[in-house]
Amino acid sequence: MAAQALGKIGDEAAVPALVQALNDEHPFVPGNAVYALGKIGNEAAVTALVQALNDEHYEVRGRAAEALGEIGNEVAVSALVQALNHEDSAVRMSAAEALGKIGDEAAVPILVQALNHEDSAVRKRAAEALEKIASSGLLPELSELLITTGESYLFNTIAAIQERYKYYNYTLTQPETPLKPQPNISPAQSISIPLMHILHLSDLHFSTSE
């Protein structure tokens, strides 16, 4: 609790003590220290948080990624991009989510690469992050990936980008034949699965709603 209080105060003089707290044997102590460092957010705090991405405690590693996302400066973004390939899946997921919150378009290329990550949870978090920061220029690539992989969350990503830019593909969003509800399948899945069979890339014509 003391570490959290220091973070709320934002006293940069507390950073050395918080860095030292990262070595405490009880996980909740370094976890609170990470939280406080994220609130302070100066250069020394960011350096400590980047190192905490490799802490022995998984909770600390995940919180470090979240804290870097809160800070969102150039060093934090760079560290989070690298963390997308961390050996810990929790760190990978937290990093993808944090990049989406930061909203830095520089992260888009690495997030697109993460859509092919072997970890399905990372792929999904990367898609969710792209919902917030990807431009409409990425729509054709996402549509091709939707068709080739059938990953239902990509439909949500495409829909979110279209809504942000008012940039639509009516073949994708308004199928000619109404789809029958299927048991145990979400609405997004029920739309994207038939698209696998009826769409070709030559059919994708994106346009504005006007």
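Odds and ends about this structure:
- ALA121-SER89 pseudo-label distance in nm [points 7 Å out on the Cα-to-Cβ vector]: 0.5
- Placing +1 on the Cβ of every Lys and Arg and -1 on the Cβ of every Asp and Glu, with no other charges, gives region 1-107 a dipole of roughly 180 debye about its Cα centre.
- Highest average packing first - 67-76, 34-43, 94-103, 142-151, Cβ atoms within 10 Å: 94-103, 34-43, 67-76, 142-151
- The protection proxy used here, the mean number of other Cβ atoms lying within 10 Å of each residue, ranks peptides 22-31, 156-165, 125-134 as follows, highest first: 125-134, 156-165, 22-31.
Bear in mind that the values in this text are calculations on the coordinates, not laboratory data. Predicted model only: the values in this text are computed from it and were never measured. Counting neighbours? That spans all protein chains shown, and the Cβs are built from the backbone with ideal geometry, glycine included.
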